[in-house]
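Enquirer: Input: one structure, supplied below.
Taken together, the values in this text are just the output of simple stated rules run on the coordinates, not laboratory data. Keep in mind it's a predicted model, so treat the numbers as computed, not measured. FYI the Cβ positions are ideal-geometry reconstructions off the backbone, even for glycines, and counts take in every protein chain you see.
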Amino acid sequence: MPVTLVARKPRNARPVYCVTRASLPNSGADAAALAWAKANGFTGEPGRVLLVPGAGGKVAGALLGVAPAQGEGLDALATGALARALPAGDWYFATVPERPSLAALGAVLGGYAFTRYRVREEPAIRLACPPQADVADVARIAGGVTLARDLINTPANDMGPEAIEAAVRALGRRHKATVSVVKGDALLRRNFPMIHAVGRASAQAPRLIELRWGPAAGPKVTLVGKGVAFDTGGLDIKPAAGMLLMKKDMGGAANVLGLAHMVMAAGLKVSLRVLVPAVENAISAEAFRPGDVLTSRKGLTVEIGNTDAEGRLILADALAYADEEAPDLIVDMATLTGAARVALGPELPPFFTDDETLAAQLTAAAVSEADPLWRLPLWNGYDHKYASRIADINNVNTDGFAGAIVAALFLRRFVGKAKSWAHFDVFGWNPVERPHCPIGGEAQAIRAIDRVLRDRYGG
């Protein structure tokens, strides 16, 4: 990353003044800088950076526009614009941002670039963290976000089920966690029939990947992530345009792995379990078909109304397995429905839970961490919408309405023993560039969930 945080201000560091429209005249910038701002029409609009010239034509400092009341939406991460605007060298915040840790995090996240397939020259920026911010904690969170972004950005030819397993094993080695895998036909012997059915058409065998970390006696927290490495739609094939971003259909798995890194790096006193059903929804003579009836791990039979609604099938087996331990909390994350994006757009993931306390904590954390979330209801009146004439349930709803809610209700069928459960329907992608993130894979909701877990379990 081009932005490196340091705890102390380097000797010759140049200043960054965080200003609003109201505070610009009294920002501490000298008269020459204020005159330069006026000449360039800079009024402190959020996310805009103005470099201030000094003697000999050198850059003497910078003005950064911030929102007058940070905390709503992503305003607190507007410092990400610095990563793409500042020239190389040492910098410091001459005015302490309203939310120092988020300001430092925004700067680091804004400097992210996916460089696996091409190397780009980026200016090396060293930024002194505000004294009120925790450099190590910012690095911990940025590490989780970067992991999720890298995994999502990697195309399916290099991020199939085998590579997803390798990523989990690498994370396990990093944090001294144990990793086990149930793969191929062993899924049938171990009673994961729907994971097997969805992934059996691929050249790479489907698998359920499990990571465990922490004291067995600690509170049990289980993270479940949808790991569809690529989704053709199966025999209900997607149109070409619908497949263009399907490398991101393992975004749920990428996000829970980023969150798992945050939890382990924080040393939370929990018994952490991560479950990733990793498959490719491919097309071959082995592909499962519309009209098939699958028997789930829980015993419920599922009629296949559409093979493109495969994510909920693999999650159902994984959730049933997670639920058998009756954990304190299950969190599942998935790039599950287009309906969620129609309802809330790409920047605002919905979450679903019956736990009012957890819902309140997540809503508060979404604001405090500038990690947007919006609760949608588990509306019981829609529970009949995935009815089947020949099986216990269908995998799609009958009328096309309330698709995100119906999918969440489908998943709820497979959770019963856990003390609390929450489902996150994430997009996992930035379609437009914003100060803290380029176009591409994105971590969503995991910083808010991390905040809730730290509040609950310390660290």
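Enquirer: Among DSSP beta bridges lying fully in the stretch 140-457, give the percent that are antiparallel, nearest 5.
Expert: 50 percent
Enquirer: Where a Cα-Cα gap under 30 Å defines reach, which lysines qualify for residue 226, not counting those fewer than 8 residues away within the same chain?
Expert: Within reach: 176, 183, 238, 247, 248, 269, 298, 385, 417, 419.
Enquirer: Could you sort 173-181, 29-37 so that the peptide with the highest average Cβ count within 10 Å comes first and the rest follow in order?
Expert: By packing density, highest mean first, the sequence is 29-37, 173-181.
Enquirer: Using only alpha carbon pairs under 8 Å that are at least six residues apart, calculate the relative contact order of the chain and give it in whole percent.
Expert: Averaging sequence separation for qualifying contacts and normalising by length gives 16 percent for the chain.
Enquirer: Using the crude model of +1 on Lys and Arg Cβ and -1 on Asp and Glu Cβ, and no other charge, please compute the dipole size for the stretch 140-457 relative to its Cα centre, in debye to 20.
Expert: 860 debye
Enquirer: Give the cross-link partners of residue 58 among the lysines, using a straight C-alpha distance below 25 Å as the criterion and excluding same-chain residues fewer than 8 apart.
Expert: 9, 38
Enquirer: Still on this structure, I have one more. Using alpha carbons only, how many degrees (0 to 90, rounded to 10) separate the axis of helix 251-266 from the longest principal axis of the chain?
Expert: Roughly 60 degrees between the two axes.
Enquirer: Would you mind ranking 379, 421, 213 so that the residue whose beta carbon has the fewest other beta carbons within 10 Å leads the list?
Expert: 379, 213, 421
Enquirer: Quick check: the angle from helix 161-175's long axis to the longest principal axis of the chain, C-alpha only, nearest 10 degrees?
Expert: In the chain, helix 161-175 runs at an angle near 60 degrees to the longest axis.
Enquirer: With Cβ to Cβ distances under 9 Å as the rule, what net charge do the other residues near residue 316 carry (K, R +1; D, E -1)?
Expert: Charge balance in the 9 Å sphere: +3.
Enquirer: Taking the Cβ-Cβ separation of residue 178 and residue 417 as r and a Förster radius of 30 Å, what is the calculated FRET efficiency to the nearest 0.05?
Expert: 0.85
Enquirer: Let me have the 222 nm mean residue ellipticity of the chain computed from DSSP H runs of 4+ only, each contributing -39500 (n - 2.57), with the sum over all residues rounded to the nearest 500.
Expert: Helix contribution divided over all residues of the chain: -9500 deg cm²/dmol.
Enquirer: Taking the Cα atoms only, what angle lies between the long axis of helix 135-153 and the longest principal axis of the chain, rounded to 10 degrees?
Expert: So the helix axis and the longest Cα principal axis differ by about 50 degrees.
Enquirer: What's the extension gain from residue 269 to residue 8 if we count 0.36 nm per residue and subtract their Cα-Cα distance?
Expert: The residue 269-residue 8 span can extend by a further 90.9 nm.
Enquirer: Going highest first, how would you order 341-350, 256-265, 133-142 by mean Cβ packing within 10 Å?
Expert: Ranking the peptides 341-350, 256-265, 133-142 by packing returns 256-265, 133-142, 341-350.
Enquirer: State the answer as a single residue: which of 359, 202, 24 lies farthest towards the positive end of the charge dipole of the chain, with beta carbon charges of +1 for Lys and Arg and -1 for Asp and Glu, about the Cα centre.
Expert: So the residue we want is 24.
Enquirer: Residue 96 to residue 286: extension gain in nm, 0.36 nm per residue of separation minus the Cα-Cα distance?
Expert: Contour length minus Cα-Cα distance gives 62.4 nm.
Enquirer: Net charge within 14 Å of residue 30 by Cβ-Cβ distance, Lys/Arg positive one each and Asp/Glu negative one each, not counting residue 30 itself?
Expert: +2
Enquirer: Is the stretch 100-207 rounded, prolate or oblate when judged by the Cα gyration tensor, a ≥ b ≥ c being the square roots of its eigenvalues, rounded requiring a/c under 1.5 and prolate requiring a/b larger than b/c?
Expert: It comes out prolate by the Cα gyration axes.
Enquirer: Please give the peptides 41-51, 144-154, 399-409 ranked by average Cβ packing (other Cβ atoms within 10 Å per residue), highest first, as a rough proxy for protection.
Expert: Put in order of decreasing packing, that is 144-154, 399-409, 41-51.
Enquirer: By how many nm would the segment from residue 379 to residue 31 lengthen if fully extended, with 0.36 nm per residue of separation less the alpha-carbon distance?
Expert: Gain on extension, residue 379 to residue 31, equals 119.4 nm.
Enquirer: Rounded to the nearest 5, what is the percent of antiparallel bridges among the DSSP beta bridges in the stretch 213-334?
Expert: Looking only at bridges with both residues in the stretch 213-334, the antiparallel portion is about 25 percent.
Enquirer: May I ask for the net charge around residue 232, where only other residues with Cβ less than 15 Å from the Cβ of residue 232 are counted and Lys, Arg are +1 while Asp, Glu are -1?
Expert: -2
Enquirer: Also, quick follow-up: From the list (1) 13, 19, 12, 9, 13, 14, 15, 6, 0; (2) 25, 52, 20, 3, 0; (3) 19, 46, 28, 7, 0, can you say which value of P(r) over Cα pairs in 20 Å bins from 0, in percent was derived from the structure given?
Expert: Calculated P(r) over Cα pairs in 20 Å bins from 0, in percent: the matching label is (2).
Enquirer: Amide H to amide H under 5 Å from residue 94: which residues, 5+ apart in sequence or cross-chain, H placed 1.01 Å off N in plane?
Expert: For residue 94, the qualifying residues are 16, 17, 18.
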